[in-house]
Every structure is written in C-alpha cells, then in structure tokens.
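> Structure provided below as structure tokens; questions to follow.
The values are calculated or read from the model by the stated rules, or taken from the named source; none is laboratory data. The model shown is predicted, which means the values in this text are computed figures rather than measured ones. Virtual Cβ from ideal backbone geometry, glycine too; neighbours counted across all protein chains shown.
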Amino acid sequence: MKFLLDFFPIALFFIVYKSVGLYAAIYAMIAATALQMLITRLQKGRFEKSHIITFGLLFVFGGITLIVRNPAFIMWKVSVLYVVFAVVLAGSLWIGEKPLLARMLGKELDLPNRIWQQLTWLWSVGFVGIALVNAYFVGIALSARKALFAVTELNAKVELSELDCSSLSAPQLCFSALQSEAAWVNFKLFGTLGLTFLLIIISVIFINKHKKI
C-alpha cells in the first residue's frame, strides 16, 4: 500500500501527460503529492520528511516551469531530488548515532551497524546513478527542443503536444523533440521505478547473504 502511495503522483503525472500534456501533468502531480502528504499525515499522525522534500522541490521547480513555460526546470527537478536523497543518506553516516536507514528500518531488520553503513552507501550511490541517468534524458530532450525552436518561428513557450509536426517547416525536428520529451516522461515513471526495484533486489540479496554468514 505504501509503495503504491509513494508512486501515485508519478503515475498520475504520466497518465495526464499522455492524455493532456506536460503542463497539466505538473498541476496534477503537485495536487497528487499534496494528497499523498495528507493521507500519510492521517495514517501516521505525522508528515514524512521524504514527502516534504519531494513536495517542496516539486512546488518550486514545477511552479517555475509553469510560470516561465520552460520544461527544463521540472526535468532537472528529478536529478536534484535524488541527489538530495543521496546527500541526506550519506550525511546520516556522520550525523546521529545510527544511519538513517537503520533508524527507518531498524525495527524490522536487526543488522550490525557495518551492514547499515554499506546499505546506506549502496542507496546513496544508486540515487546518484538515477540522477545521472535522468540528466542524460534531460540533455537529449532539451537539445531536441532547442534545435526545433532554432529553425522555426515557434514561441518557445508552446507546449510540444499541441504542435502539428507535419505542418511545420521542420517536421523531423518536431517529431524528435516530441519523442525525446516522451522518453524523459517514460523514464520518470518506468526508469526510476525499475532502478528503485533493482536497488531493492540488490539490498535483499546483500542482507540475505549477510544473514547466512
């Protein structure tokens, strides 16, 4: 249930993007994240720090995107978010008596502090990896968008999903911009989800291996 709640805003963003467009998807994701925080507050009696960080970055980067009509901000928000998570996890190795993962999962898993430290580094490096992969897709999407507007008289604030590429003077650049933006959206949902699952699987294997020793 918690896993579905955590990925609900991203899933809604994907659905609204495919049916309406990017800017509507941002509004939907902001609303979904606020609802996510409220549900968690009602269930646990408190807000989760990860949700607060996510909502804060989404509100800032998403808000700037909507105001200036430039998707670069919401695209880079994903990398910033995962880098923040990585820094928080790694920083917890030196701040407090236990790593953050041990404080979060210590009741369910009884592991030596050395193992918690190794798991912390695994997730920190993994989050940085996700941030870098996102940066790769963002770079392609923004380059394709820039190339399109460089050879046409289109307003740079236009939403790509509203364009009829076949009627433009540079249809191939238009299709490329649309496809690269869609590729980033696909990564935002399926890529981050898949890589997170991979981190979970590696963690489970690592923990089980330690338990057998």
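> Is it fair to say Phe197 is modelled with pLDDT of 95 or more, within 21 Å of Val80 (Cα to Cα) and within 16 Å of the chain's Cα centre (by Cα)?
In short, no.
> Next up: Pick out the one residue from Leu93, Leu66 that is in contact with a Pro (Cβ under 7 Å, 6 or more places away or on another chain) and over 26 Å from Gly194 (Cβ atoms).
From the options Leu93, Leu66, the qualifying one is Leu93.
> I've got another one for you. Check the stretch 18-33 and report whether any residue there is without any contact (Cβ under 8 Å) to a residue 60 or more places away in the chain, closer than 19 Å to Thr196 by Cβ and over 15 Å from the mean Cα position of the chain (by Cα).
The answer is no; no qualifying residue exists.
The rows are residues; the columns are (1) assigned to a helix (DSSP H, G or I); (2) among the small types (Gly, Ala, Ser); (3) surrounded by 14 or more Cβ atoms within 10 Å (Cβ to Cβ); (4) at pLDDT 95 or above.
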| site | (1), (2), (3), (4) |
| --- | --- |
| Leu4 | yes, no, no, no |
| Phe7 | yes, no, yes, no |
| Tyr23 | yes, no, yes, yes |
| Thr54 | yes, no, yes, no |
| Ile64 | yes, no, yes, yes |
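> Any chance you could count how many residues in the stretch 54-91 are closer than 20 Å to Trp123 by Cα and more than 12 Å from the chain's Cα centre (by Cα)?
6
> Oh, and also: Among residues belonging to the stretch 25-52 that are at pLDDT below 90 and among the small types (Gly, Ala, Ser), point out the one that is surrounded by the fewest Cβ atoms within 10 Å (Cβ to Cβ).
Gly45
> Still on this structure: Does the stretch 123-137 contain any residue that is closer than 16 Å to Leu22 by Cβ, at pLDDT 95 or above and among the aromatic types (Phe, Trp, Tyr)?
Yes, the stretch 123-137 has at least one match.
> Does the stretch 1-17 hold any residues that are under 14 Å from the mean Cα position of the chain (by Cα) and among the aromatic types (Phe, Trp, Tyr), and which are they?
If the condition is that a residue be under 14 Å from the mean Cα position of the chain (by Cα) and among the aromatic types (Phe, Trp, Tyr), then Phe7, Phe8, Phe13, Phe14 are the ones that fit.
> Tell me which residues, restricted to the stretch 1-35, are farther than 20 Å from Val84 by Cα and of a type in the set (S, T, N, Q).
Result: Ser19, single match.
> Also: Can you find a residue that is within 21 Å of Phe14 (Cα to Cα), buried (at least 16 other Cβ atoms within 10 Å of the Cβ) and either at pLDDT 95 or above or not polar (S, T, N, Q) (or both) anywhere in the stretch 147-170?
yes
> For the stretch 66-111, how many residues are exposed (fewer than 13 other Cβ atoms within 10 Å of the Cβ), assigned to a loop (DSSP other than H, G, I, E, B) and touching a residue at least 60 places away in the same chain (Cβ under 8 Å)?
So the answer is 0.
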